[in-house]
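Nothing in this text is a laboratory measurement; each read-out follows from the coordinates by a stated rule. Computed from a predicted model, the values in this text were never measured in an experiment. Reconstructed Cβ throughout: ideal geometry from the backbone, glycine too, with neighbour counts over all protein chains shown.
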Amino acid sequence: MKIALLGYGKMGRVIEQLAVEAGHTVVATRTRDHAIGTLADADVAIEFSAPEAAVNHLRECIEAKIPVVCGTTGWLEHYPAITALCQRHQGALVYASNFSIGVQLFFHLNEHLAHLMKDYPSYKPSIEEIHHVQKLDAPSGTAISLSQPIIEFGVPKQWSLDPETDPETLSIKAIRQGQVNGTHSVRYQSPIDTIEITHQAHSREGFAHGALMAAEWITDKTGVFSMKDVLNLT
């Protein structure tokens, strides 16, 4: 499989290493300042760049009919337009706020827990996420994804970064420190006890493995997909 890496920072380099080890070829790389190779030579593109670049990268891939796997967060106000473009051009897109297989299982667990907790309103939910200081968007896309079933099944109607929230608002605490790869906790607290689930990433390899798996999966497909589709999680 021939891969274009749109975004060639730390994450792109880890993906390249794993791709080469798996027998794939990186035929193009792109950063804000430099481009090597051409997108047209690729069977699939993997996009980990920055919010301001991601939308143009996605449009370019979809219009060129290059299947694309996107892990950049912070651009979702454009998601409806991108999915519509993908449908018009019969393109292929896998988007995930987090490609780690462990996080995808964590999402599944979080959804089940949110469904259980809807019957126990004395427990107030909250989310905490910790990332390295280079991560620009807050809260993380993963934290926003975690909030969705809690809002769907529970009392909160929206999320907020403000810690002093009313009962109908889900508090998300975003911390930026050191070189933390990503820790996410979902907490349900009552006057008598606390229930908490946590996922902690030890390196970027988990994200890279998942992105590469998605790239291998999408090459012969059309449509808009998530990691639930890739992993067949229902």
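About the Cα centre of the chain, how large is the charge dipole given +1 on each Lys and Arg Cβ and -1 on each Asp and Glu Cβ? Please answer in debye to the nearest 20. Don't jump to the answer; show the numbers that get you there.
On the way: 18 positive and 26 negative charges, 61 e Å.
The dipole of the chain has a size of about 300 debye.
Which of G210, G12, G37 moves the most in a Gaussian network model of the chain with Cα springs under 10 Å?
Result: G37 has the largest fluctuation of those listed.
Counting helices only, and only those DSSP H runs with n ≥ 4, report the 222 nm mean residue ellipticity of the chain as the sum of -39,500 (n - 2.57) divided by its residues, in deg cm²/dmol to the nearest 500.
Value at 222 nm, helices only: -11000 deg cm²/dmol.
Anything in the chain that counts as a DSSP H helix reaching 18 Å or more along its axis (C-alpha) with Kyte-Doolittle mean of at least 0.5? List them, would you?
101-117, 141-153, 205-218
Counting only C-alpha contacts under 8 Å and six or more residues apart, can you give the relative contact order of the chain as a whole percent?
21 percent.
Normalising by the residue count of segment 123-188, find the relative contact order in percent from Cα pairs under 8 Å and 6+ residues apart.
RCO, segment 123-188: 52 percent.
For K118, give me every one of the lysines with a C-alpha distance below 27 angstrom, ignoring sequence neighbours fewer than eight places off in its own chain.
Result set, ordered by chain and number: K157, K173, K228.
Aspartates and glutamates within cross-link reach of K221: Cα-Cα under 13 Å, excluding same-chain residues under 8 positions apart?
D43, D229
At 1.567 mPa s and 4 °C, plugging the Kirkwood radius over alpha-carbon pairs of segment 1-89 into Stokes-Einstein gives what diffusion coefficient in µm²/s?
99 µm²/s
For each of V103, V133, count neighbouring Cβ atoms within 10 Å of the residue's Cβ, then give the residues from fewest to most.
V133, V103
Among L170, L233, S160, flag the residue with its Cα farthest along the positive direction of the charge dipole of the chain, charges on Cβ as +1 for Lys/Arg and -1 for Asp/Glu.
About the Cα centre, the residue reaching furthest to the positive side is L233.
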